[in-house]
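The values are calculated or read from the model by the stated rules, or taken from the named source; none is laboratory data. Everything numeric here is computed off the predicted structure, so don't read it as measured data. Cβ placement follows ideal geometry from the backbone for every residue including glycine, while neighbour counts extend to all protein chains displayed. What goes into the accessible areas is simple: the full protein's heavy atoms, side chains included, and nothing from ligands, DNA or RNA. Shrake-Rupley method; radii C 1.70, N 1.55, O 1.52, S 1.80 Å.
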Amino acid sequence: MLWVDKYRPKTLDKVLVHEDVAQNLKKLVAEQDCPHLLFYGPPGSGKKTLIMALLRQMFGPGAEKVKVENKTWKVDAGSRTIDLELTTLASTYHVELNPSDAGFQDRYIVQEIIKEMAKNRPIDTKGKKGFKVLVLNEVDKLSTEAQHSLRRTMEKYSSSCRLILCCNSSSKVTEAVRSRCLNVRINAPTEEQIVKVLEFVGKKEGLQVPTGFAARIAEKSNRSLRRAILAFETCRVQQYPFTSNQAIPPMDWEEYVSEIASDIMKEQSPKRLFQVRGKLYELLTNCIPPEIVLKRLLFELLKKLDAELKHEVCHWAAYYEHRMRLGQKAIFHIEAFVAKFMSIYKGFLIATFG
Amino acid sequence: MYLFFPIEAGKKAPQREREMAPLVQSSQPWVEKYRPKQVKDVAHQDEVVRVLTNTLETSNCPHMLFYGPPGTGKTTTALAIAHQLFGPELYKSRVLELNASDDRGINVVRTKIKNFAAVAVGSGRQGGYPCPPFKIIILDEADSMTEDAQNALRRTMETYSKVTRFFFICNYISRIIEPLASRCAKFRFKPLSEEIMTSRILHICNEEGLNLDTEALSMLSSISQGDLRRAITYLQGAARLFGSSISSNDLISVSGVIPQEVVQAFFSACKSGNFDLANKEVNNVIAEGYPVSQMLSQLFDIVVEADGVSDEQKAKICKKLGEVDKCLVDGADEYLQLLDVASNTMRVLCNMPLEFSYEN
């Protein structure tokens, strides 16, 4: 079992990073009732962990017995019926799904499932909770129609079903949905907090962690706890006992992007652009999301540039990333950015050195 | 009854059972609990209330179109008038409520709405309710209906106008096609003023036994910006989390508003003219998980009120804010867009050239 999963806190009391949030959530549940919740925060900040711990707090250990189901829905949409297939994670008390997997038909999924859940309410003979919880991931990727249809559904079925929404940025969730939920912001853990967690993991595993080593991992982790723990485990596999100057292996795709960046800096020509294209394709075919490639590329380039160029480059990065969202094929836009950068940089070199 | 429904179980009883078993109200969202049941209780919307009270007396009313920002009482008003006209007995058979969560394509308009509209009904008072001789179709969130569906409604509205009244509810009147809008009496719902908001909130606080000081009260009405539903949701959230006495800081933490210091730090980083400093600040905002759209609107407030910034500079900054907001709606990456704003703001404030010198 990976350390990330092994040391995931199971209850709200054991949470190490967002203690205040966890205590607040506990108070919420203590009143036998909870509002709709919207968790938002950057990746690796602990949203999912908190949600699972919250479910456990609400329903007891039964909430952890999840089974994966591949369900098919037949949705009647006027003249035709649509068959929808989606994988859900369900326990007796909750259902978890990624509605954005259904693409443009996400609207039907949301409506169908919520209606079905409202119909099959758990029977409350033992004085158990009479509602189910629906956990929706990546709500920021839901289409606008689906978000619209959530609005009234949330109110109508509020007695039988609570929603827990989870997303990276709440600015892509419509105002109407946000105003119906209790918003919970989960910030990325600070480096000190990451160090604390890493030391905790090290102690549990019985490892000797040299001073400053955890801090170096934390620094490299971009404030993502998941990444930090993964890096920590990788280091453990590579070399143990740790030495204080042990290299922390960077992600291989980051290495690759940094290579691309230095290629671009060295030579600005159509030929080089062609070579870069091959490398970019390789990144994309390995399922690195294009916006992350672009962001990383910008990050690497900014490190090497003069201040006056930085403004210009960051503007064009934003411009082409926006274009990429509107367009279809990501490679065009990343390549356009590279070409733009080459032209700017060449212009700068000629103006400075003649 | 209690044999079948132990008290704890009764708390979460669904709508049907509620009428039978007494219900402990705590499970209900306050927004639903304090939704006005009668038209005359709707706050701050005098014209509508006057027209509708008239309707109650004369049992006659035109097609209606309610529009206005969220949380101003549009749906409440429509539901209240329907209940007051028909009472609980007839409500089911006389009122059809459709909203964006139901399918409302052109097919539904052609079949469901048309069939419902076509049925003739009798008049005559029943159980103390006016029960006028028409039915009501409430189309909530009508601005999310397709144009085709709206077009299909035009003739239906006229043909069955004797026996059916339509209530359209929407946020943006510009998304309702002109032919529909011209068939309706239009009512704009104003954002609630601070006093009205305060009085409603105080009422709820009294009912729920909450303690709010004046600072928290004014904070609540300023962060909710005239949206009463939002104010009540925040209040309930804060009450759940922090118990019965609520300070303005508690309200900020549940509302998702960004603390002023963070925005100020971002603005001064832009003022400093150091790109790397601004970049660090942007990274910080993203890592803390603050929503960038909120950041932009709070930055906008600071820029507009800033001293020592010329009008031209303000205009340039605001122009960029507008462009970036559009990009965010299109789904662009938050980090890159905020960085673009930071860089633009910095160039404006430090009088660096806005045009790029190496572009050809």
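Quick notes on this one:
- Couplings 3J(HN,Hα) for segment B:177-186, derived from phi with the Karplus relation 6.51 cos²θ - 1.76 cosθ + 1.60 (θ = phi - 60°), are 5, 3, x, 6, 4, 6, 8, 10, 7, 9 Hz, where x marks Gly and Pro.
- Computed FRET value (nearest 0.05) for B:Asp276 with A:Val68, which takes r as the C-beta separation and R₀ as 35 Å: 0.15
- Under 5 Å from the amide H of B:Leu96 lie the amide H atoms of B:Ile136, B:Ile137, B:Ile138, each residue being 5 or more positions distant or on a separate chain, with H modelled from the backbone and absent for Pro and chain starts.
- Relative contact order (percent, whole number), chain B, Cα cutoff 8 Å, 6+ residue spacing: 15 percent
- Shown here is the pair-distance distribution of segment B:138-192: with all Cα-Cα distances grouped in 10 Å bins from zero up to the longest one, the shares run 22, 59, 17, 2 percent.
- Relative contact order of segment B:287-360, pairs being alpha-carbon contacts under 8 Å that are 6 or more residues apart, as %: 29 percent
- Membrane-span-like helices of chain A, defined as complete DSSP H segments with a Cα extent of 15 Å or more along the helix axis and a mean Kyte hydropathy of at least 0.0, are identified as A:47-59, A:225-238, A:290-304, A:330-353.
- Total charge dipole magnitude, the protein assembly as shown, about the Cα centre, Cβ charges on Lys, Arg, Asp, Glu only, Debye to nearest 20: 2260 debye
- All-pairs alpha carbon distance profile, chain B, 10 Å steps from 0, percent: 5, 18, 22, 23, 18, 10, 4, 1, 0
- Value at 222 nm in deg cm²/dmol, rounded to 500, when DSSP H runs of n ≥ 4 in the protein assembly as shown each add -39,500 (n - 2.57): -16500 deg cm²/dmol
- Beta bridges per DSSP with both ends in the protein assembly as shown, % antiparallel, nearest 5: 30 percent
- Per residue, chain B exposes 46 Å² of accessible surface when a 1.4 Å probe is rolled over the protein heavy atoms with every protein chain present.
- Value of relative contact order over segment B:194-255, rounded to a whole percent, pairs C-alpha under 8 Å and six or more apart: 39 percent
- Distant-in-sequence amide contacts of B:Ile246, defined by a placed amide H-H separation under 5 Å and a gap of 5 or more residues or a different chain, comprise B:Asn211, B:Asp213.
- Highest average packing first - A:323-331, B:63-71, Cβ atoms within 10 Å: B:63-71, A:323-331
- Virtual spin-label span in nm between A:Thr92 and A:Asn245, 7 Å along Cα→Cβ: 5.9 nm
- Here each label is just a point 7 Å from Cα along the line to Cβ, and for B:Ser247 and B:Ala185 those points are 5.0 nm apart.
- Residues A:Asp101 and A:Val237, FRET efficiency given R0 of 41 Å [Cβ-Cβ distance, rounded to 0.05]: 0.80
- Vicinal HN-Hα couplings computed from phi for segment B:277-290 (Karplus, 6.51 cos²θ - 1.76 cosθ + 1.60; Hz; Gly/Pro x): 5, 4, 4, 5, 5, 4, 4, 5, 4, 5, 5, 6, x, 6
- For segment B:194-255, the Rg and Dmax computed from alpha carbons only, in angstrom: 9.9, 26
- Compared with the direct C-alpha span, the chain from B:Glu261 to B:Glu208 gains 15.8 nm at full extension, assuming 0.36 nm per residue.
- Exercise: per-residue mean of other protein chain Cβ atoms within 10 Å, B:219-232: 1
- Gyration tensor verdict on segment A:1-92 (Cα atoms; rounded if a/c is under 1.5, prolate if a/b is larger than b/c, oblate otherwise): prolate
- The ellipsoid that matches the Cα gyration tensor of the protein assembly as shown has semi-axes, each √(5λ) in whole angstrom, of 48, 32, 26, with the longest given first.
- Sparsely packed loop sites in segment A:16-79 (the GluC sites (Glu not before Pro) outside DSSP H, G, I, E and B with at most 12 other Cβ atoms within 10 Å) comprise A:Glu31.
- When trypsin sites (Lys or Arg not before Pro) are flagged only if DSSP places them in a loop and at most 14 other Cβ atoms lie within 10 Å, the longest unflagged stretch of chain B comes out as B:163-360.
- Modelled this way, with points 7 Å down the Cα-to-C-beta line, the labels at A:Lys115 and B:Glu158 are 3.3 nm from one another.
- Mean per-residue shielding of peptide A:154-160 is 5, counting Cβ atoms of other chains within 10 Å of each Cβ.
- Estimated FRET transfer efficiency (B:Glu355, B:Asn107; beta-carbon r; R0 45 Å; 0.05): 0.25
- Backbone N within segment A:322-347 under 17 Å of label point (7 Å from A:Asp263 Cα along the Cβ vector): A:331-343
- Distance cut-off 39 Å, percentage of C-alpha pairs in chain A lying past it: 29 percent
- Rounded, prolate or oblate (a/c below 1.5 giving rounded, otherwise prolate when a/b exceeds b/c) for segment B:242-360 by Cα gyration tensor: prolate
- Gyration tensor (alpha-carbon) shape descriptor, segment B:67-202, a/c threshold 1.5: oblate
- Extension gain (nm, one decimal) between B:Thr58 and B:Glu178, 0.36 nm per residue minus Cα-Cα: 40.3 nm
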